[in-house]
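Reviewing the structure listed below.
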Ligand code: 1HE
């Protein structure tokens, strides 16, 4: 379906389209620990604005080098000596990128490693599923740097870990890693081996769902969460009306009725 994405245009993102509809988007500034400069943010906006219309069925968001992302490019920020209005507009572009991710309707699985800090954690929290390995650690060092979050952490990181934990992370520089990070909600999976391999497996699984179901899962749940319960229940019914009657679902339901579809069983 849809439009072609010219992958050769991207410089700070390495993008590979898989045959199965699973695309791998790799942050590719390892010498700067994948710090997010304004150019990278523009590339994220461009890719994630386009991916939902390009037949992408799932995305793995990965990183080159040992660290997922060191957050805001502090060197660029320092050098640019931005005005309040300049930085407000920078933050608006971060929100544009991350909102396109969270609300775009295409499943995004983040493969985390090393530092996932500051704006790097804001980026990870815009994905739908986070997979970490034993090297991964999370922090919000803005408080220590004389800064504040500007890429949605007050919404998404607070949504993952709760307001009190986020405040503690920012006031004290607390670092979360290992099982504790999963327990507080910063990641959904902690794997022994490579987080990229595990994320690819999860993305391949998600890509087998019907795209319209994934669209609802990866946009409606977030939108409904922004509404009153009354409006959310109304909108949920409307969305289910569309998704649950899609012609493509009939074959899957036929298989269930005939007894040929897989059954839901506990893990052995
Ligand atoms: C950077 C950045 C960066 C590394 N901006 N250049 N973010 C932070 O406060 C994290 C700052 N970074 C670090 O704490 C460490 O660099 C890491 C833990 C991520 C990695 O440590 P390490 O020892 O592997 O690398 P390094 O030697 O510190 O850095 C290697 C290079 O990456 C070096 O550049 P070089 O040219 O001297 O080789 C670093 O300057 C560069 N580098 N991190 C720019 N962040 C919308 S508001 C969001 C608010 C925030 O995100 S605040 C930022 C929080």
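The values are calculated or read from the model by the stated rules, or taken from the named source; none is laboratory data. This is a predicted model, so every value here is computed, not measured. Ideal geometry is used to build each Cβ from the backbone, glycine not excepted, and the neighbour counts take in all protein chains shown.
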Original post:
Looking at (1) part of a loop (DSSP other than H, G, I, E, B); (2) under 17 Å from the mean Cα position of the chain (by Cα), which is the one condition that is false for residue 52?
Top reply: (1)
Subject >> Which numbered condition residue 47 fails, given (1) touching a strand residue (DSSP E or B) at 6+ places or on another chain (Cβ under 9 Å); (2) within 13 Å of the ligand (Cβ to nearest atom); (3) outside any loop (DSSP other than H, G, I, E, B) >> reply: (2)
**OP:** Among the residues of segment 113-132, count how many are touching a strand residue (DSSP E or B) at 6+ places or on another chain (Cβ under 8 Å) and more than 22 Å from residue 207 (Cβ to Cβ).
**Re:** 9
Subject >> Qualifying residue in segment 90-112 (condition: assigned by TED's automatic domain parsing to the domain that holds residue 51, in contact with a strand residue (DSSP E or B) (Cβ under 7 Å, 6 or more places away or on another chain) and either assigned to a helix (DSSP H, G or I) or within 17 Å of residue 32 (Cα to Cα) (or both)) >> reply: yes
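Rundown of residues vs (1) without any contact (Cβ under 8 Å) to a residue 24 or more places away in the chain; (2) more than 12 Å from the ligand (Cβ to nearest atom); (3) farther than 21 Å from residue 45 by Cα, yes/no style:
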| position | (1), (2), (3) |
| --- | --- |
| 61 | no, yes, no |
| 72 | no, no, no |
| 108 | no, yes, no |
| 114 | no, no, yes |
| 132 | no, yes, yes |
| 164 | yes, yes, yes |
**OP:** Output the number of residues of segment 1-41 satisfying the condition of being away from the ligand (no atom under 14 Å from the Cβ) and part of a helix (DSSP H, G or I).
**Re:** 3
Subject >> Sole exception among (1) surrounded by fewer than 24 Cβ atoms within 10 Å (Cβ to Cβ); (2) touching a helix residue (DSSP H, G or I) at 6+ places or on another chain (Cβ under 8 Å); (3) not in a helix (DSSP H, G or I) for residue 160, by number >> reply: (3)
**OP:** Tell me, please, whether a residue that is surrounded by fewer than 24 Cβ atoms within 10 Å (Cβ to Cβ) and under 26 Å from residue 46 (Cα atoms) can be found in segment 170-190.
**Re:** no
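Among the listed residues 33, 53, 93, 57, identify the single one that is closer than 25 Å to residue 190 by Cβ and surrounded by fewer than 23 Cβ atoms within 10 Å (Cβ to Cβ).
Details: 53 fails: closer than 25 Å to residue 190 by Cβ; 93 fails: closer than 25 Å to residue 190 by Cβ; 57 fails: closer than 25 Å to residue 190 by Cβ.
Checking each option against the conditions leaves just 33.
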